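This report refers to the structure that appears directly beneath it.
The values are calculated or read from the model by the stated rules, or taken from the named source; none is laboratory data. Quick caveat, the model's predicted, so the values are computed rather than measured. Heads up, the Cβs are rebuilt from the backbone with ideal geometry, glycines too, and the neighbour counts pull from every protein chain shown. Side chains included, ligands, DNA and RNA excluded: accessible areas come from the protein's heavy atoms. Shrake-Rupley method; radii C 1.70, N 1.55, O 1.52, S 1.80 Å.
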Amino acid sequence: MLENIRDTWKSLIETHLAHIIEQEVGGQSTLPPLVAQVPPKPEMGDIAFPLFAYAQLLHIGAPILAKRLKERIEALDDRPTGELLVSGPYLNIKIDVASLATALNATIQEAGEGYGANGSLDGKRVVIEFSCPNTNKPLHLGHMRNDSLGMSMAAILKANGADVRKVNLINNRGVHICKSMLAYQKFSNNETPQSSGIKGDHLVGNYYVKFAQWAKEDPTAEEQAQQMLKKWEEGDSEVMALWQRMNEWTMAGLYESYEAMGISFDAYYWESETYTYGKDEILKGLDEGVFYREEDGSVWVDLCDIKLDKKVLLRSDGTSLYITQDVGTAIMRHKDWPFDAHIYVVGSEQQYHFKVLFSVLERLGYQWAKSLYHLSYGMVNLPEGKMKSREGTVVDADELLASLTALAEEEIRAKGREELVGDIAHTSRAIALGALNYYLLQVTATKDMIFNPAESISFNGNTGPYLQYMGARISSMLAKFHSEQREVEALPFDASLLSLSDERELIKLLARYPEVVAKAGAEYDPSLVTAYLYDLSKLFSRYYHDNPVLKAPSPALVRARIALVRMVDQVLKNAFTLVGIPYLASM
RNA sequence: GCGUUCGUAGCUCAGCUGGAUAGAGCGCCGGACUUCGAAUCCGUAGGCCGAAGGUUCGAAUCCUUCCGAGCGCACCA
């Protein structure tokens, strides 16, 4: 909405700039592009156009040029609504906020939860792969960052019109899986999740830890694990049975965690089925001369020309590697469901791997290889330093969620809101999720981050619950309005009454929301949405704190402010769904 | 060593397709609840934006070098 206004002014000013420059210095074919900015202070207007570059061409001061442009445009009979201001070397526009508010109100009311969405990716299919846990241990904090990013990106891309397919590739085979199996075989006395009362993924994880301890004492442990892997590959019935049993335990646990954290997928893939993929593709590439074979029989790709070194694609015994199966899996997925883009949400430690993977696919001649994207994210560290599984400092996902939930519940009870909140368990969980997702998504994905548990549960300041609180306050305000001032609803909405500085700022911010959704989609960056949410909430908090809505001086003003509050409410709701923050009417 | 990501307030983070005095939160100190729920709001203090050069009318933002940190550099995944 704001974009249209900006573009209108921009092209108008551009035209007149071109005219002036042509008159003064003759046919300048390439003018520098005019950039639109936001003035640092509201009283300077709403849109700013710096004129330095043009003034230089004309050999005059920018303020003089600004003045000339202003006079010239003001002389026009039909020009857009709004006011021109000269502010030093800038030509600024003070937009007509009342007409913007009127249009915005109609748009938001009509679009509802669709406000902010756009069709830029209409008809485009996007696969997004994330989570991809191993079946030998429960989820930890690192996975949570991955899952938050994956879920959020999927929602953002949908809001941009894409047909999104969320996929999860479960790493359910390999030596590391055999390790927990082996330890279980040796030390378990056949305990089960049922007999022990331990959640399946945690039970299996215990044996993975057990293996590490055992391997320290018994040097043959690693060798035994390798032997078990061999048996697995041969389909040994005893090993297969154990594998199946333990994988089921883990998966049951993981499904439970996903459910609790609001994470879902459209398709699951299993490494036990995909690990042999890609071999044929590599051999085909070998035939085509894209790859080469070493004397020992291994197949390689030489990526030195793009500074990526040489990489093995097939072992000398002809078996696949991690990269081989990734090549095969990508090709298979494109056959199954021809996509326009494929995003892999994977930690930054695998950047090199993905560069190689994408290059290999490109060399195999797949045009779509260019649409592959590694959404890389940094490590999650603790205030004390890195999480170390050996030192037991890994933050378990289930435990973290449980403790956040307990704290939220404590807070609700401390405020005596048990009755008002309704389902206290549900509400506490929703607050915990809001806190977690916001905390994890507010940081730029590529950066490493420090997760401070104490801070994430504080619920004060720049946090998820702060945003949820805004929603709850608005809900209760609107409920009160409906029960006490229904008759005011009948009054017409007069946007010109919203003339306070904060009201103007709120309206502009609300009008900017669609641009945020578009940018987050184009740049694959959920943190743009969290940043926007915080700006909106902060501005709104101050506004309703300082200015009564239900007790505004006149019914007409009550009506106008209620309209504004409803717009804020709708945008909060819409943005919440993009970053995994549950909306709560009461908390 | 090579590649890559990053160095902004005491701490955690924004701002980075160059533009008007560098912003939040936490913490510190001080205010505001007979007023739409104080999980809130307001204010004070706190920065040679890692360092040095360069490009530019203008650089936290772009380029180079250096310093410091993370992560890669397996016929592991």
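Would you pick out the residues in the range A:503-529 that are near RNA strand B (Cβ under 9 Å from one of its atoms) and in a helix (DSSP H, G or I)? Walk me through how you get there before you give the answer.
To start, the set of residues in the range A:503-529 that are near RNA strand B (Cβ under 9 Å from one of its atoms) comprises A:519, A:525, A:527-528.
A:K519, A:S527, A:L528 - these are the residues of the range A:503-529 that are near RNA strand B (Cβ under 9 Å from one of its atoms) and in a helix (DSSP H, G or I).
Taking (1) within 25 Å of A:S131 (Cβ to Cβ); (2) away from RNA strand B (no atom under 16 Å from the Cβ) in turn, A:T274 satisfies each apart from (2).
Of the residues making up the range A:102-137, those that are open to solvent by 20 Å² or more (accessible area, probe 1.4 Å) and under 30 Å from A:N247 (Cα atoms) number 3.
The set of residues from the range A:280-320 being surrounded by 19 or more Cβ atoms within 10 Å (Cβ to Cβ) and under 21 Å from A:I170 (Cβ atoms) comprises just one member, A:S320. For first residues located in the range A:193-212 and without any contact (Cβ under 8 Å) to a residue 12 or more places away in the chain, partners that are in a helix (DSSP H, G or I) and open to solvent by less than 60 Å² (accessible area, probe 1.4 Å) and lie 6+ apart or on another chain with Cβ distances below 7 Å form the pairs A:S196/A:L203. Scanning the range A:219-244 for residues that are of a type in the set (D, E, K, R) and touching a helix residue (DSSP H, G or I) at 6+ places or on another chain (Cβ under 9 Å), which turns out least open to solvent (accessible area, probe 1.4 Å)? So the residue we want is A:D236. The residues of the range A:302-312 that are more than 9 Å from RNA strand B (Cβ to nearest atom) and in contact (Cβ under 8 Å) with a residue 24 or more places away in the chain, listed by number, are A:L303, A:I306.
Applying the set (1) of a type in the set (V, I, T); (2) in a helix (DSSP H, G or I); (3) away from RNA strand B (no atom under 12 Å from the Cβ); (4) over 20 Å from A:I170 (Cβ atoms) to A:T405 leaves exactly one unmet item: (3).
Every condition in (1) in a strand (DSSP E or B); (2) within 8 Å of RNA strand B (Cβ to nearest atom); (3) under 24 Å from the mean Cα position of the chain (by Cα); (4) not acidic (D, E) holds for A:H374 except the one numbered (2).
Could you check, for the range A:566-576, whether at least one of its residues is of a type in the set (F, W, Y), at negative phi, out of contact with any strand residue (DSSP E or B) (no Cβ under 7 Å at 6 or more places or on another chain) and open to solvent by 40 Å² or more (accessible area, probe 1.4 Å)?
Step one: filter the range A:566-576 for residues of a type in the set (F, W, Y), giving A:576.
Subsequent filtering for residues that are at negative phi retains A:576.
From what is left, the residues that are out of contact with any strand residue (DSSP E or B) (no Cβ under 7 Å at 6 or more places or on another chain) are A:576.
Those still in the list that are open to solvent by 40 Å² or more (accessible area, probe 1.4 Å) too: none.
Checked the range A:566-576: no residue is of a type in the set (F, W, Y), at negative phi, out of contact with any strand residue (DSSP E or B) (no Cβ under 7 Å at 6 or more places or on another chain) and open to solvent by 40 Å² or more (accessible area, probe 1.4 Å).
Here is the figure for the range A:180-194: residues that are farther than 21 Å from A:S257 by Cβ and open to solvent by 60 Å² or more (accessible area, probe 1.4 Å) total 5. Selection of the range A:62-87 for residues being at pLDDT below 90 and farther than 16 Å from A:R6 by Cα yields A:D77, A:D78. Give A:S499, A:S458, A:S428, A:S475 a once-over and let me know the one that is hydroxyl-bearing (S, T, Y) and open to solvent by 70 Å² or more (accessible area, probe 1.4 Å). Exactly one residue qualifies, and that residue is A:S499.
So is A:I343 closer than 30 Å to A:A430 by Cβ, in a strand (DSSP E or B), under 33 Å from the mean Cα position of the chain (by Cα) and more than 8 Å from RNA strand B (Cβ to nearest atom) or not?
Details: closer than 30 Å to A:A430 by Cβ: yes; in a strand (DSSP E or B): yes; under 33 Å from the mean Cα position of the chain (by Cα): yes; more than 8 Å from RNA strand B (Cβ to nearest atom): yes.
In short, yes.
When the residues of the range A:489-501 are filtered to those that are in contact with a helix residue (DSSP H, G or I) (Cβ under 6 Å, 6 or more places away or on another chain) and modelled with pLDDT of 95 or more, which remaining residue is farthest from A:I562 (Cα to Cα)?
Looking only at the range A:489-501, we keep the residues that are in contact with a helix residue (DSSP H, G or I) (Cβ under 6 Å, 6 or more places away or on another chain), and these are A:491, A:493-498, A:501.
Filter once more, so that each one left must be modelled with pLDDT of 95 or more: A:491, A:493-498.
On the way: A:L491: 11, A:F493: 9, A:D494: 11, A:A495: 11, A:S496: 14, A:L497: 12, A:L498: 11 Å.
Among those residues, the one meeting the criterion is A:S496.
Selection within the range A:346-371: residues that are of a type in the set (A, V, I, L, M, F, W, C) and within 12 Å of RNA strand B (Cβ to nearest atom). The member of this set that is nearest to the chain's Cα centre (by Cα) is A:V346.
Residues that are surrounded by fewer than 17 Cβ atoms within 10 Å (Cβ to Cβ), aliphatic (A, V, I, L, M) and either more than 9 Å from RNA strand B (Cβ to nearest atom) or in contact (Cβ under 8 Å) with a residue 60 or more places away in the chain (or both) within the range A:432-455 comprise just one, A:I450. Looking only at residues in the range A:1-60 that are in a helix (DSSP H, G or I) and charged (D, E, K, R), which one is surrounded by the most Cβ atoms within 10 Å (Cβ to Cβ)? Checked the range A:1-60; the qualifying residue surrounded by the most Cβ atoms within 10 Å (Cβ to Cβ) is A:R6. When we screen A:A66, A:A98, A:A55 for residues that are within 29 Å of A:E503 (Cα to Cα) and within 16 Å of RNA strand B (Cβ to nearest atom), the only hit is A:A66.
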